[in-house]
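Trainee: Encoded as structure tokens, here's the structure I'll be asking about.
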Amino acid sequence: MKKVSAGIIITAGKKVLGCKSTKRWDLPKGEIEDKEKPIDAAVRETLEETGVKINKKDLTELGFFKYTKYKDLWLYLYVTNKLPDIKNMKCTTYFTDRYGNSILEVSGYKYIPFKDIDDYFYYSICEVLKKVQKSSIFSSTLTKESNL
């Protein structure tokens with residue numbers, strides 16, 4: 001059975017937060033634990049991987065996306081006019097590599113223009129981000145936020 005991860009797209013509209021993993025960039029996301037709701041997993045993973053605390057009421061649910069042959073995604077959108085400062089971000093979680101070494105899950109942060117995602121993000125997450133960008137939920141959420 002495929003695993004499901006939950007994550008948050010953090011954006012002000014033109015750029016998206018990228019988290020540097022082993023080789024390329026990714027979204028803050030991770031596996032949904034037993035009996036955990038996707039929204040709770042997304043908020044927890046974002047906090048663990050960035051130190052950014054996001055209130056669930058500030059999220060727009062984007063829903064379920066096919067991702068890779070081993071994993072699918074449940075995503076949320078966080079749109080803000082004031083993006084969190086990457087200088088204050090810090091990952092607190094590790095994974096164990098095939099040699100038994102503990103490695104930080106995230107080693108860096110960058111706001112990446114949507115037009116440049118193919119140059120930074122893994123292919124699978126680029127495909128999801130492109131679908132999200134074309135969605136009516138994305139455009140209506142951006143419009144709503146810019147009118148506040």
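The values are calculated or read from the model by the stated rules, or taken from the named source; none is laboratory data. As the structure is a prediction and not an experimental result, all values here were calculated from the model. Note: ideal-geometry Cβ built from the backbone for every residue, glycine included; neighbour counts use all protein chains shown.
Trainee: Exactly one of these conditions fails for residue 45: (1) in contact with a helix residue (DSSP H, G or I) (Cβ under 9 Å, 6 or more places away or on another chain); (2) within 14 Å of residue 8 (Cα to Cα); (3) not polar (S, T, N, Q). Give me its number.
Mentor: Of the numbered conditions (1) in contact with a helix residue (DSSP H, G or I) (Cβ under 9 Å, 6 or more places away or on another chain); (2) within 14 Å of residue 8 (Cα to Cα); (3) not polar (S, T, N, Q), the odd one out for residue 45 is (1).
Trainee: Here is a follow-up. Would you check if residue 50 is under 15 Å from residue 7 (Cα atoms) and hydroxyl-bearing (Ser, Thr, Tyr)?
Mentor: On the way: under 15 Å from residue 7 (Cα atoms): yes; hydroxyl-bearing (Ser, Thr, Tyr): yes.
Yes; evaluated as a whole, the condition is true for this residue.
Trainee: Restricting to segment 96-110, and then to whatever is of a type in the set (A, V, I, L, M) and modelled with pLDDT under 95, can you tell me which residue is farthest from residue 49 (Cα to Cα)? Give the steps one after another, and end with the answer.
Mentor: Residues of segment 96-110 that are of a type in the set (A, V, I, L, M), as a first pass: 103-104, 106.
Subset that is modelled with pLDDT under 95: 103-104.
Details: 103: 12, 104: 9 Å.
Residue satisfying both the conditions and the ranking: 103.
Trainee: I've got another one for you. Taking residue 54 as the residue in question, decide whether it is surrounded by 15 or more Cβ atoms within 10 Å (Cβ to Cβ) and in a loop (DSSP other than H, G, I, E, B).
Mentor: Details: surrounded by 15 or more Cβ atoms within 10 Å (Cβ to Cβ): yes; in a loop (DSSP other than H, G, I, E, B): yes.
The answer is yes for residue 54.
Trainee: Collect the residues in segment 129-148 that are surrounded by 13 or more Cβ atoms within 10 Å (Cβ to Cβ), at pLDDT below 95 and aliphatic (A, V, I, L, M), keeping them in residue-number order.
Mentor: Across segment 129-148, the qualifying residues are 132, 137, 142.
Trainee: Here's a follow-up. Could you count how many residues in segment 23-46 are part of a strand (DSSP E or B), of a type in the set (D, E, K, R) and buried (at least 19 other Cβ atoms within 10 Å of the Cβ)?
Mentor: So in segment 23-46, the residues part of a strand (DSSP E or B) come out as 25-26, 29-31.
Still in the running and of a type in the set (D, E, K, R): 26, 29, 31.
Filter again for buried (at least 19 other Cβ atoms within 10 Å of the Cβ), leaving 26, 29.
The qualifying residues number 2.
Trainee: Output the strands (runs of 3 or more DSSP E) that fall wholly within segment 65-148 and possess 3 or more residues being in contact (Cβ under 8 Å) with a residue 12 or more places away in the chain and of a type outside the set (Lys, Arg), or say none.
Mentor: Values: elements: 71-79, 94-96, 102-104, 108-113.
Because the criterion is at least 3 residues that are in contact (Cβ under 8 Å) with a residue 12 or more places away in the chain and of a type outside the set (Lys, Arg), the strands (runs of 3 or more DSSP E) in segment 65-148 that meet it are 71-79, 108-113.
Trainee: Name the single residue that is surrounded by the most Cβ atoms within 10 Å (Cβ to Cβ) among those in segment 1-22 being part of a loop (DSSP other than H, G, I, E, B) and hydroxyl-bearing (Ser, Thr, Tyr). Break it down into steps so the answer makes sense when it comes.
Mentor: As a first pass, look at segment 1-22 and keep what is part of a loop (DSSP other than H, G, I, E, B): 1-2, 12-14, 21-22.
If we keep only those that are hydroxyl-bearing (Ser, Thr, Tyr) too, we end up with 21-22.
On the way: 21: 19, 22: 11.
Residue satisfying both the conditions and the ranking: 21.
Trainee: In segment 28-38, is there at least one residue being more than 22 Å from residue 109 (Cβ to Cβ), in contact with a Ser or Thr (Cβ under 8 Å, 6 or more places away or on another chain) and among the acidic types (Asp, Glu)? Give the derivation first.
Mentor: Going residue by residue through segment 28-38, those that are more than 22 Å from residue 109 (Cβ to Cβ) are 32-38.
Subsequent filtering for residues that are in contact with a Ser or Thr (Cβ under 8 Å, 6 or more places away or on another chain) retains 32.
Filter once more, so that each one left must be among the acidic types (Asp, Glu): none.
Looking through segment 28-38, none of the residues is more than 22 Å from residue 109 (Cβ to Cβ), in contact with a Ser or Thr (Cβ under 8 Å, 6 or more places away or on another chain) and among the acidic types (Asp, Glu).
Trainee: Residues 49, 61: which one is of a type outside the set (Val, Ile, Thr), crowded, with 17+ Cβ neighbours inside 10 Å and not in a loop (DSSP other than H, G, I, E, B)?
Mentor: 49
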